[in-house]
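None of the figures in this text is laboratory data; all of them are computed from the coordinates on show. Everything numeric in this text was worked out from a predicted model, so none of it was measured. All Cβ positions, even for glycine, are placed from backbone atoms using ideal geometry, and neighbour counts span all protein chains on display.
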Amino acid sequence: MIHLEKRPQPSRAWALMTPVIAVIVTMIAGGLLFAALGKNPIEAIRTIFYDPLFGEFSFYYRPQLLVKGGPLILIAIGLSLGFRAGIWNIGAEGQYIVGAICGAAAGLAFYPMESIVIFPLMIFFGALGGLIWAMIPALLKVKFGTNEILVSLMLVYVAEQLLASMSLGLLKNPEGFGFPGSRNFQSYDSAHNAELITGTGMHWGVVAAFIAVIFSYILLNKHILGYNIRLTGEAPRAARFGGVNPTRLVLFCMGASGALAGLAGLFEVAGPAGQVSIDFNVGYGFTAIIVAFLGRLHPVGILLAGLLMALTYIGGDIAQSSLSLPSAAIQVFQGMLLFFLLALDVLTNFRIRFATKGAA
Amino acid sequence: MDLSAINPVLLIASLMVAATPLLLAAIGELVVEKAGVLNLGVEGMMIIGAICGFAIAVETTNPYLGLLAAMAGGAVLSLLFAFLTQVALANQVASGLALTLFGLGLSALMGQSYVGIKPPAMAKLDIPFLTDLPIIGPILFGHDPVLYVGLALTAATWALLKYSRLGLILRAVGENHEAAHALGYHVVRTRVLAILFGGACAGLGGAYISLIRVPQWTEGMTAGIGWIALALVVFASWKPWRVLLGAYLFGGINVLQLNLQAAGVAIPVEYLAMSPYLITILVLVIMSADKSRAPASLGRIFHASQ
């Protein structure tokens, strides 16, 4: 008879090992899935994980790693703060969209003026948009005790409708021959989030992501606020007796994650996506949840997890064109990863015993 | 704008149809939450039910087999959640999210070859004389069988929770799992069964959308209904009849905004489409003042340590 015995302390070794094992198990399970779809599993796995980095066209794909990883890391860093304290902002996708809309609107308001203050202004409004969108569930939770999970998620659907309205209405390109979508930022230099070093994929969003990683590391390890966040997550009662103010914590965690998601949206819309359009968002806000968990809610872990998840996006695209692997297969793959991670996590907190029940 | 085109009888009849998927999913989730488990994967189980039901109904040309398959699909997916939260003792919020993300991806993968197909139609109730009655006929006697199943399920859930021994055990497990365990009830077994029931209900609700309400398959077609169902359980203070009331309310809002869109009201379509989600938030705010109704062990992990 197998039974679980609670560890007095979570095992550090297992906490580091489980993401790695989860990735390997997911590769095996993913291989079986691809085989079931009639593809050669070894070839599919190689296409997804090896070709983007070392394959024939890797010079093209490697920069994409930063382009796709940047927003994922930026959003996941924000989410990880709240997740650590048991504050569940799962509407990052909505904050991402609203940040993009606000930031883009700020930039487009100045068209065709050229000035170096425009881009910083867009960044400010992008963060502000995300912040405001996240403040709705935060304030409702603080004031009325409303469940932040449901409210933040409902606001994703609201944001999607808002995006549709904006790209068909207010922000539509007046010279776009009636096509939906805003002016393209690639032809508006002051507002364009261009590649900083040619051929690397490095843009301001990636820079922001790296800065966020460093700041969140310092916050969680050296600052009293980070200590309070960790305390609230690990021992809520102790946190209450210790005088941690839950209201401020909710507002801070939700606000920070919203602002970072908004920033990610702005950098995406002003750079790689290029314009506000109905479907510029591709679900980074949801994938970032997986990134946050896979990275163990730790800044450095999230950095690595974000790059890995970016790799599956790129590899998925390649596999789609070269092996005609359906794009949904990658979504399943990412979902499976979270499953295996959560299932294996039991080993971090519990010891498995193969003892007979009668013995004890 | 022509509001006279909106026929109140048809509005009520279509409100009942629009409310049924919500009702089914929310009743399932109510039972799960009464057992003390918070399953946020309703959206994922619904969409899996939608595609399983659709695929089987198309392949066998029998909509009833489709509905059974949908229930099985939802239940199998919920089994994953049960394993994660009850055996591997994982965080319920994270596991529920994983279920939804996985379900959305898997359904898109499964549904690729079913886009643009029409499913076999399901016969509507047709009682001679009764169905032909004016006003009452189309509202009470003119629907598909699943709609009545939803109503019966609500009544059955209410009766079982309130009057049966099974309901008592379920509630005991949800209110205080340590005490229930001490009394010798099987906490984990009860919860797994509740989760399976919730999965089957959500699956059926999903299939109702793809087979009866819409009826066709499109990726992500549940569009947040699973999440609204979760909100509905809070709205209803964990009471079955209030779930019914809430489902009809939301169904009504949805049907009304669609009717207003069709009637060409001066409000842009996107803002009308936002309204069900905004109203859900509003209702959540109003209802969340009273927290006392929530099962006391909701979302807490149970581990029978010696």
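What the table shows:
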| item | result |
| --- | --- |
| Residues of type lysines that B:K34 reaches as a straight line, Cα spacing below 19 Å, ignoring anything fewer than 8 places off in the same chain | B:K162, B:K239, B:K291 |
| Rounded tilt (10° steps) of B:240-263 against the dominant C-alpha axis of chain B | 30 |
| Within straight-line cross-link reach of A:K68, aspartates and glutamates at Cα separation under 18 Å, skipping those fewer than 8 residues along the same chain | A:D51, A:E93, A:E195, A:E268, A:D279, A:D317 |
| Debye log10 I(q)/I(0) at q = 0.06, 0.07 Å⁻¹ for the protein assembly as shown, Cα point scatterers | -0.34, -0.46 |
| Once the Cα gyration tensor of the stretch A:64-215 is diagonalised, semi-axes √(5λ) in Å | 28, 21, 13 |
| In degrees, nearest ten, helix B:63-82 long axis to first principal axis of chain B (Cα) | 30 |
| Of A:R296, A:R248, A:R12, the one that fluctuates the most in a GNM where chain A has Cα springs shorter than 10 Å | A:R12 |
| Listed residues A:G126, A:G274, A:G55, most fluctuating in chain A (Gaussian network, C-alpha, under 10 Å) | A:G55 |
| Nearby lysines by direct alpha-carbon distance to A:K222 (threshold 29 angstrom, same-chain neighbours under 8 apart not counted) | A:K141 |
| Fewest-first sequence of B:H177, B:H186, B:H143 by Cβ atoms within 10 Å of each Cβ | B:H186, B:H143, B:H177 |
| Two-decimal Rg/Rh across chain B, once Rg and the Kirkwood Rh are taken from alpha-carbon atoms | 0.99 |
| Using alpha-carbon coordinates, inclination of helix B:225-235 to the longest axis of chain B, degrees | 60 |
| Equivalent ellipsoid dimensions for the stretch B:186-256 as semi-axes, Å, which come from the Cα gyration tensor, largest first | 24, 18, 9 |
| Other-chain or far-sequence residues with amide H under 5 Å of A:F350's (modelled H) | A:R7 |
| About the Cα centre, charge dipole magnitude for chain B (Lys/Arg +1, Asp/Glu -1 at Cβ), debye | 800 |
| Exercise: per-residue mean of other protein chain Cβ atoms within 10 Å, B:213-224 | 1 |
| Ranked list, fewest to most other Cβ atoms within 10 Å of each Cβ, for A:H203, B:H303 | B:H303, A:H203 |
| Partner chain coverage, peptide B:105-111 - average Cβ within 10 angstrom | 6 |
| Assigned charges on the beta-carbon of Lys, Arg, Asp, Glu; the stretch A:40-324 dipole about Cα centre (debye) | 1200 |
| Per residue convex hull volume, Cα atoms of chain A, in Å³ | 167 |
| A:K39, B:K239, B:K124, B:K118 arranged by Cβ crowding within 10 Å, fewest neighbours leading | B:K118, B:K124, B:K239, A:K39 |
